[in-house]
Each structure stands twice: as structure tokens, then as C-alpha cells.
Amino acid sequence: MFKLLRKSLEIDDNVNDYDLRNMLVIRERYKKTNYLSYHPIDICYGISEKTVAMISERSYELSGINVEIEPIRYYPQYSSAAHVLGYLGKISQDYEINEYINEKGYSPDDIIGKTGIEEKFEQYLRGEKGKKTVEVNNVGKTIKSVSKQSPVPGDDLYLTIDIRLQHAAEEALKKGLEKIQTGGVYESKWGNFNFKDSYKNATSGALVALDVKTGEVLALANYPSYDLNLFSTGISSEDWNSLLNDSKDPLAPKPLYNISLLTAIQPGSTFKMVTALAALEKGVDPNTKVYCAGTEKVGDRNFSCWIYNMFRGSHGYENMYEAIRDSCNFYFYTTVLGENLATNQKHTVKVNAEDIIETANKLGLDSKTGIEIDVPQEYSGGVPSIEGKKVSIRVYLRLFLESNIERYLADGTSIDSSMKNEIIEEIVSWIDREQLMTRGEVYEGLKTLKLNPDKTNDNNVPLTDIIKYTYLNQAVWNAGDNLNISIGQGSNAYTTIQMANYISIIANGGYKKNVSVIKELKKYDGSKTDYVPRRDSEKIELKDYSHLDVLKKGMRLVSEADSAKPYANFPVVVGSKTGTAQKEGINPQTGKPFDEFAWYVAFAPYDDPQIAVACVLFQGGSGRYPTPIVRDVIGEYLNINGITNN
């Protein structure tokens, strides 16, 4: 291709392919402007003083080339709050060309906000370009200047984020992950924290801190991040590629990815306050003791407390406060079963899945938080539902059949694409039958479709059993689903910002507020604009708001009971909760199972809550491990606001 271009454009062979490509890029950009001398294009930004001098000295040879001083966006904090601010870029996509060039009159060379606040508030931040009217001759060369209009600066946007707290969050997140990877000691003025086990794949994480009284974002950190200045004049392909990750590991570090808003993860035991609140609203006495036997059999499965899985132990008798403190699965199993199957003890009342789901909705876990970022659009993790479970199983069953159906055809049978689709749709429709099909019905149904029910997969499991037990049985909501949802497992999945908002609602007495990162927007001269940030506040509906105090007391006990005593020297009392969540499957990069997600949520001060924090570490291993990270963020908040006394 380059040989043909050299020949057609009469390019000297001494020009290498790299320089030729750059020449062609400039040529194409100039072609779009119709080669008008009064409409220049930018060739290079940020040139050295030496280059400026060289161009000036040889100006007689470089007709049409000028050095201009041009304002560009500069980010003095480099990578801080990068996923909030968002990055810039050239107009390139079809929808951008239509919106900005065709509709709004932008120049093809203009830089626009691509993501985050830069994209959302492009029309306010941009300002107005200056104009210069010139007189040209018949070949487009400028003869003289006719008139000139000065540019108008863009508006000034003020965020709710405190850069000191943002720095503290980013530094603590980075430091914590690095220490977890090696099993090191996290050093802090509030006390050192020892990571006894190492998790070398703990390379990504997120943290969100909210003002519980206003819903304003105090800090939003994702690790890793990226330097926004790379995008100020349009990022080079080399720099862009350096920010990408071609690892097969879906949890590998991705600097451009906004984990806080986009990644919904099982909350693990941090969800237990939802189940506890549902139980309190249903009439459960928080002082009623439940005997944790460690494990119990429900149907044909054993459901166990974490203490049994790890140490073959049990918690003994626990009330609700203690169950939150000790993260006792058994207590919450008993709550949704209505009885203790190990002792045959009846519980106060039975809490069903609908009660838990309704409570989760009230606490903001089934909706977006409202943060003012459109690109990338905030993902709304959601509470599980019976229909949602069926939808998921349909997808998985269809994928299995599309990839494997030919393997199970009866001998002598062949099918075309149309027949294949008909067979797949028929089998998938079995999920929606009113009565669950028996194994015999599945067997006969497969035979009717000219499939061999007895053919096996690589693990010697026949097709009949794959369809029946891996898919159809799993599409039915059962007692196991109720138990899983009660402890934050199963189909539960929420983003870090949703989790921070959920803790904020508990801490502030039940007020659900829209999350906002915008403090105010002013004209460059200090006058007001037409933009007013949203500040919605709605009190959630509860039978008794003192039930939230039960949750807060349980969370206080979590902080006090940690064997590492992370808050022994802390200036205020903190309410918190740990959680671990499983990532099923095998890591394609390592060939080994994924380590668990580590969650930690907290609020402070306990008696007058002001800040709520949620932190998740990808493959962080233990829900205790984000503790010093969150503690340091709360500590910096207290320091900034002069709160020093216990």
C-alpha cells in the first residue's frame, strides 16, 4: 500500500513509512478544510523552544507554517478524579460529527468532552471562540484582516469533591492493594494493619465517599487511573494503547474503566443490614436469640455459616446485633426459613424474598444514584427477582445449545440453521412451562427433537441431565435462593456508588438523596448560570425508624469486635460491615479459580453521621482487608473538618 502511495504522490524513497503516514494524515486533514489558508490546521502541540527558534529562523523556507500560542486544557492533579472529570478527544464518531459539526457548528479539528463531566457539561465549559474576518484573493490567500471578535471563556464548574480527600482515597487504595498483593503491613498513623495472607491478583478496586446529609460525592476513586493530560490535545495511538489491557483476565486492571459506576458485584455480608431491616419491619425482635449450629440441611443441600466452612465451628446463640457483628449466616437463614432446622426452634416471624427485595428497593439498591455522568452511563445493579432468574437461565441455555447442539444429534440426523433455531427455541421454551418438567419428560422431548438424550459431555453427563438439572431446575425460585439472597449472595449485584448510597440512607436516618458531584456552575465573571444542581431528598417509608438504629448498633459492634482493633486510636466511633463475594469460574489468564471480592462499608461519626464510604477490591480475598483503606479516608475527612475528639 505504501509503495503505491509513494508512486502516486511522488514521495521520495528516503522518507520512511512512519513519516509518510504522518504526512498523509496532515494532507487528509487539510483536504477537509479545502486548503484554505485562513483556516489552518494544528500539526503539533507542545513543541520545544528549540523547535520554535528553528522555525522562526527558517520562516522564509516554511511559507504557511506558523507557531501559535493556544490555550489547552491542563489538569494540575494529573490522574486524580480522572473518572469523574472524564477525558477529551477529537470529533471522530458519526454521532459526534452529526451533533457537533453539523448541528452545533464545531470545526472538524475541535476537541470535545468524551466522557465524565467534560462530556456532560461540554456546552457550558466550552465558551465561545474568537472570530477574525479576513479578505482573501482568488486563490484563497489572506490579503488583510477586516474585523476581529474576542473569545468568551467557558463557565466555571465547581465539584463537590475535596481534592485533599480525593488524594487520600487514591493513595490509600493504591497502597492497600500493593500491600495485599505481597501480604505486607499497611502502615498508618491510626495503627498498622497486617495482611496475613497475600492475594497477588488484587490489582483493581474502587472507593466512593458520600456526604450523608446532602448526597454529595466527597471522593470517588478507581484504581488504576490515568493522566488526563494525555487527552488534552487528542491522545496518540501509542498512549491510547498503553491504557488498554489485552489480558484474558476479566478482572485485570483497566485504567480507563470507571469501576465505581459500571461494575455491579455481589455485596456479600454487607447486604445483611437489608435482611435485618426487612426482619425488623416484619416484627422480628432484635433481642431474640437464634442458635447457630454451624450448618443445616435445606432440601437436599447443606447451608452453612462461614465459621463452619472455615473452622467447622459455630457461633452458638446470637441476637440480631451479634449476628451483624459476627456476620452469622445461620441467623439470617433462620430469619428467612422462619425456623431453625437444626434445633426445630421457631423464629419470631418468617421473612420472605419479597420482603427483602422491597427493603432493598427502599434503600436505593435497585436504581441509579443520579450522579451527573452520562458517558459512561451509570450501571444500575439490581435486586434479584424470579423473572430475572428465568431470563438469565434462558440466556445461558441458549448459549449452551447454540455451541453444542450438533454434538447431541441422533445418529444419521443432520440439521440446517433454520432447524437448529427451531430446536433451540423449543428447548428454551421449556423454562416457561407452568409445571417443572420431570426427567422423563425432558428425555422424551429431546428424542422428539431428534436429539440423543443419552449422549454425554466431556464429564460423562448425559444431555438429559444437563438440560434438566443445570438449566430447567435452576430457573425455579426455591428455598436456596431465599437463603442466598439473605446473605448477599445469589443474583444480588450492586455498584460501589450504590453501596455507598445505601449506607448513607441507613446512617442519615432514612433519607434517600440523589447522589451529586456538582456543587455549582458559574459564569467566568462569577455571575449565575441557568444550571442548578439537583438536591432531592425523600424519606423512605418504614414502620419504625428506630429500626435503623438497630442496624447502626450492629455495625458499631463490627468495628469494635475486629481482632486487629483498627479503631482503637481513632478519634470517633465508626459503624462498619465487612463482606466477601465469590467470582465463579476459572481465571482464563491463570487457569486457577478467582479469589473473592472484598467489600467494606462504613459511616462516621457514629453519633452524628457525616460520611459514608464503600470500598471494593477485586480479588481482595477478605472483607476485612479494605478496612485500613476506608479508615484512612474517614480519618482524612475528620482532619479536614477539624473533628478530633472522641
Response to the item:
Selection from segment 77-97 of residues over 19 Å from residue 373 (Cα atoms) and either of a type in the set (Val, Ile, Thr) or modelled with pLDDT of 95 or more (or both) yields 77, 78, 91, 97
Worksheet item: Does residue 495 count as in contact with a Gly (Cβ under 6 Å, 6 or more places away or on another chain) and at pLDDT 95 or above?
Response: yes
Discussion item. Where the second residue is open to solvent by less than 90 Å² (accessible area, probe 1.4 Å) and assigned to a loop (DSSP other than H, G, I, E, B) and the first is more than 12 Å from residue 89 (Cβ to Cβ) and lies in segment 235-246, which pairs have Cβ atoms under 7 Å and are six or more apart or on separate chains?
Written reply: 243/226; 243/255; 243/256; 245/252; 245/253; 245/254
Response to the item:
In segment 446-486, anything under 26 Å from residue 355 (Cα atoms), of a type in the set (Val, Ile, Thr) and part of a helix (DSSP H, G or I) is listed as 485
Practice prompt. Hey, can you tell me all the residues within segment 1-16 that are under 48 Å from the mean Cα position of the chain (by Cα) and open to solvent by 90 Å² or more (accessible area, probe 1.4 Å)?
Written response: 1, 3, 4
Worksheet item: If residue 345 passes every condition in (1) touching a residue at least 24 places away in the same chain (Cβ under 8 Å); (2) under 20 Å from residue 484 (Cα atoms) but one, which one does it miss?
Response: (2)
Worksheet item: Taking interchain pairs and intrachain pairs at least six residues apart, which have beta carbon atoms under 7 angstrom, with the first residue in segment 96-114 and touching a residue at least 24 places away in the same chain (Cβ under 8 Å) and the second open to solvent by 60 Å² or more (accessible area, probe 1.4 Å)?
Response: 108/32; 111/90
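Report the residue count in segment 569-580 for those that are in a loop (DSSP other than H, G, I, E, B) and modelled with pLDDT of 95 or more.
Residues flagged as in a loop (DSSP other than H, G, I, E, B) and modelled with pLDDT of 95 or more within segment 569-580 amount to 5.
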Worksheet item: Is there a residue being part of a loop (DSSP other than H, G, I, E, B), of a type in the set (Val, Ile, Thr) and either in contact with a strand residue (DSSP E or B) (Cβ under 7 Å, 6 or more places away or on another chain) or loosely packed, with under 11 Cβ neighbours inside 10 Å (or both) anywhere in segment 93-112?
Response: no
Worksheet item: Looking at (1) modelled with pLDDT of 80 or more; (2) more than 30 Å from residue 254 (Cβ to Cβ); (3) in contact with a Gly (Cβ under 7 Å, 6 or more places away or on another chain), can you tell me which one residue 101 breaks?
Response: (3)
Worksheet entry | Subset of segment 399-440 [crowded, with 16+ Cβ neighbours inside 10 Å, free of Cβ contacts under 8 Å to residues at least 40 places away in the same chain and over 26 Å from residue 482 (Cβ atoms)] | 401, 415, 423, 424
Worksheet, complete the sentence: residue 381: passes all of (1) of a type outside the set (A, V, I, L, M); (2) within 29 Å of residue 428 (Cβ to Cβ); (3) surrounded by fewer than 16 Cβ atoms within 10 Å (Cβ to Cβ) but (3)
Discussion item. Any residue at all in segment 64-76 that's under 22 Å from residue 112 (Cβ atoms), without any contact (Cβ under 8 Å) to a residue 60 or more places away in the chain, charged (D, E, K, R) and open to solvent by 90 Å² or more (accessible area, probe 1.4 Å)?
Written reply: yes
Discussion item. It is to be established whether one or more residues within segment 477-499 are open to solvent by 50 Å² or more (accessible area, probe 1.4 Å), among the polar types (S, T, N, Q) and over 27 Å from residue 220 (Cα atoms).
Written reply: yes
Practice prompt. Among residues belonging to segment 287-310 that are within 18 Å of residue 579 (Cα to Cα) and either touching a residue at least 24 places away in the same chain (Cβ under 8 Å) or of a type outside the set (A, V, I, L, M) (or both), point out the one that is surrounded by the fewest Cβ atoms within 10 Å (Cβ to Cβ).
Written response: 309
Worksheet item: Do any residues in segment 629-644 that are within 14 Å of residue 575 (Cα to Cα) have Cβ atoms under 9 Å from those of residues that are open to solvent by 40 Å² or more (accessible area, probe 1.4 Å), where the two are at least six apart or on different chains, and which pairs are they?
Response: 631/190; 635/189; 635/190
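If you take the residues of segment 553-609 that are aromatic (Phe, Trp, Tyr) and open to solvent by 20 Å² or more (accessible area, probe 1.4 Å), which of them is nearest to residue 280 (Cα to Cα)?
In the first step, residues of segment 553-609 are kept if they are aromatic (Phe, Trp, Tyr); the result is 567, 570, 594, 597, 599-600, 603, 606.
Add one more test, that the residue is open to solvent by 20 Å² or more (accessible area, probe 1.4 Å), and what stays is 567, 594, 606.
Details: 567: 28, 594: 35, 606: 21 Å.
The residue in question is 606.
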Worksheet item: With respect to the numbered conditions (1) at pLDDT 80 or above; (2) among the aliphatic types (A, V, I, L, M); (3) open to solvent by less than 90 Å² (accessible area, probe 1.4 Å); (4) out of contact with any helix residue (DSSP H, G or I) (no Cβ under 9 Å at 6 or more places or on another chain), which one is the sole condition not fulfilled by residue 54?
Response: (3)
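The values are calculated or read from the model by the stated rules, or taken from the named source; none is laboratory data. The structure displayed is predicted, hence computed values, not measured ones. Glycine gets a Cβ as well: all are built from the backbone with ideal geometry, and neighbour counts include every protein chain shown. Ligands, DNA and RNA are excluded from the accessible area calculation, which covers all protein heavy atoms including side chains. Shrake-Rupley method; radii C 1.70, N 1.55, O 1.52, S 1.80 Å.
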